[in-house]
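K.L.:
Quick one: the structure is below, questions incoming.
Where a number appears in this text, it was derived from the coordinates with a stated rule and is not lab data. From a predicted model like this one, the values you see are computed outputs, not experimental measurements. All Cβ positions, even for glycine, are placed from backbone atoms using ideal geometry, and neighbour counts span all protein chains on display.
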Amino acid sequence: MSEHQHHIKLPEGSIEKQTTTLNLGPTHPATHGVFQNILELDGERIVSAEQTVGYIHRAFEKLAERRPLYQITPITDRLNYCSSPINNMGWHMTCEKLLNIQTPKRVDYLRIIIMELARISDHLICNSIVGVDSGAYTGFLYVMQYRELIYEIYEEVCGARLTTNIGRIGGFERNFSNTAFEKLEKFIAEFPKVWKEFENLFTRNRIFVDRLQNTGGISAERALNYGFTGPNLRAAGVDYDVRIHTPYSSYQDFNFIVPIGKTGDNYDRFLVRCQEVWESLSLIKQAYNKVQEFKGTEAEVYHANAPEYYLPLKKDVYTKMEQLIWHFKIVMGETEIPKGEVYFSVEGANGELGYYLISDGGRTPYRLHFRRPSFIYYQAYSELTKGSMLSDAIITMSSLNLIAGELDA
Amino acid sequence: MSLTNDKIKEKLVEKFGESVARFEENYGLLTFEAPKELNLKILQFLYDDAELKFKFMTDLCAVHYPDNINNELAVVYHLHNLEDNIRLRFKVYTSVQQPDVYTATQLFSAANWMERETYDFYGVNFVGHPNLKRILNVDEMDYFPLRKEYPLEDQTRIDKDDEMFGRGGTIV
């Protein structure tokens, strides 16, 4: 469809303008997060869009240059805050790569449980928000109750819900309690029915399908050129998944499918996310089964044996000499940090989340760069929306799963 | 899966001779450097070559080394060959007085904002970039904040009431 197909023919000498400039954002009620788009509209059709970003820039990369490694974790929380645990774990694993720490299998599996829960909670939001933007509010309110179950599990593991700061370099700060596992079992038991129902509400819904199909599409070739990763790239038909290509945290021990789409449009992105939720659920079940196989002292393992980097338990710091020494050394920056450059990436909920860490041997990074997937793929937004209707552009923005915190770092 | 770090290195040396240098394998990732004038030629070669196929730009950023006189700024490219699933890291250095580096936007659309970000924080001037302006910081900013000459607030400063900032303050 040509972009000027519905162009209004103004009479000769008319004082009306052909196009209208619309400032969509930065705090527009239809966009979820702080985004500004300067749209050039011809009627309701978008002639051009220019994104302006940076409204919540917090200089994370600069801050990180003054913080010891373990204090950077809370910064990563605030990137993609819909799935903070993935960011936290990604950061821990980056440090572990630099410091050559081998984590025990049980830690890896526990991490997978948490990371996949985070992926589910992220996809829940993204897909249900796509529903909200196309006029179906019910799904959103319905699945939010089940995100609550996920947040309760986080709470049980680390005490926090949204910005989790979960785990430590080397593992977790404490073992999972029985309550955590009970809550996990509850989630595993209750959630499939809910997600099935959510899918029933949407995937074959005529109105929904009509709104999403053939809008905001991108070809595989363009998506790759734009540096798309995650569900957005897979919806365009490229089966790139960091969990498969560069397995971390023992993902190689698991069986799961990487769902792909074909057209890269809003509908395919929605379907890919729906399917990924099922895969994540399967991963959680597999990981939980594996965790249950550890018996006796093995079931007590929740961190790597790396006393020079893993912060000891506070109660041990008060009562045991060795733990006190390590605590002091870690906090005062007396432990040896190797020199080197590390690039490590995880499959974040919206794409490849990378950490480029340069260490000069000091207690803080010399340089830390975050490869933030939504920053990279948001540049395609003007290409994706050119010629489309304004209301479709809103859905496109939601279905890209843009998270302002990550975008602006 | 036949592409290895050694093979990439061999092909690069064959094509560019001694211009590509300082090959390293930091944690298994092939890293090398080249003169900044060659950056586009190398990226294009890595992209076009039938065996190398580095068609995915994972990341682009800069690093500031103030003590590295005349080569203060490093521009670091992370590329990924998705078919053979192999990554590499490629660096060029430029002086801070004349930080001109050719843009990679013709080759990778992804480079557009990443170069703007790099310009925004380090002042690297990407020659040929279609829209090289600040992206995350305010347009009026007149310095490049991630350079090392701009430290975060000095924790020892005493002109503020430190007690309010949890730093203890001066003990009387």
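K.L.:
Between helix B:111-122 and chain B, what is the angle of the helix's C-alpha long axis to the longest principal axis, kept within 0 to 90° and rounded to the nearest 10?
P.N.:
The angle comes out near 40 degrees.
K.L.:
Could you pull out every one of the lysines with an alpha carbon less than 20 Å from that of A:LYS320, ignoring same-chain neighbours closer than 8 positions?
P.N.:
Hits, sequence-local ones excluded: A:LYS329.
K.L.:
Okay, moving on. Which value at 222 nm does the protein assembly as shown reach when only helices count, each DSSP H run of 4 or more adding -39,500 (n - 2.57), with the total divided by all residues and rounded to the nearest 500 deg cm²/dmol?
P.N.:
Here the helix-only value at 222 nm equals -12000 deg cm²/dmol.
K.L.:
I would also like to ask the following. For segment A:365-409, what Kirkwood radius comes out of the mean inverse Cα-Cα distance, in Å?
P.N.:
11.7 Å
K.L.:
Helix B:5-16 versus the longest principal axis of chain B: what angle, 0 to 90°, nearest 10, using Cα atoms?
P.N.:
80 degrees
K.L.:
Within chain B, which is the longest segment containing none of the chymotrypsin sites (Phe, Trp or Tyr not before Pro) that sit in a DSSP loop and have at most 16 other Cβ atoms within 10 Å?
P.N.:
My reading of the result: B:28-142 is the longest stretch.
K.L.:
Let me ask something else. At 37 °C and 0.692 mPa s, what whole-number value in µm²/s does Stokes-Einstein give for the translational diffusion of segment B:5-165, with Rh from the Kirkwood sum over Cα pairs?
P.N.:
Rounded, D is 192 µm²/s.
K.L.:
For segment A:246-323, run through the trypsin sites (Lys or Arg not before Pro) and keep only the ones in DSSP coil with at most 14 other Cβ atoms within 10 Å of their Cβ.
P.N.:
A:LYS262, A:LYS295, A:LYS320
K.L.:
Run the simple label-point estimate for A:GLU383 and B:ASP67 please: 7 Å along Cα→C-beta, distance reported in nm.
P.N.:
4.2 nm
K.L.:
With angles folded into 0 to 90 degrees, how steeply does helix A:321-332 sit against the dominant principal axis of chain A? Use alpha carbons for both and round to 10.
P.N.:
40 degrees
K.L.:
Using a 10 Å Cβ count of at most 14 others and DSSP loop calls, identify the longest part of chain B lacking such GluC sites (Glu not before Pro).
P.N.:
The answer is B:84-139.
K.L.:
Hey, another quick one. Just to check, using Stokes-Einstein with a Kirkwood Rh over alpha carbon pairs, what's the diffusion coefficient of the protein assembly as shown at 20 °C and 1.002 mPa s in µm²/s?
P.N.:
Approximately 85 µm²/s, per Stokes-Einstein.
K.L.:
What trypsin sites (Lys or Arg not before Pro) does segment B:78-137 have in DSSP loop regions with at most 13 other beta carbons within 10 Å?
P.N.:
Of the trypsin sites (Lys or Arg not before Pro), the ones in loops of segment B:78-137 whose Cβ has at most 13 other Cβ atoms within 10 Å are B:LYS133.
K.L.:
Please report the antiparallel percentage of the DSSP beta bridges confined to segment B:5-165, to the nearest 5.
P.N.:
For segment B:5-165, the DSSP antiparallel bridge percentage is about 70.
K.L.:
Could you check which residue among B:ASP139, B:ASP84, B:ASP100 shows the biggest mean-square fluctuation in a GNM of chain B with a 10 Å Cα cutoff?
P.N.:
Fluctuation is largest for B:ASP139.
K.L.:
Let me ask another. Search the structure for amide H atoms under 5 Å from the amide H of B:VAL101, placed 1.01 Å from N in the peptide plane, and list their residues when 5 or more places away or on another chain.
P.N.:
Here B:ASN125, B:PHE126, B:VAL127 satisfy the definition.
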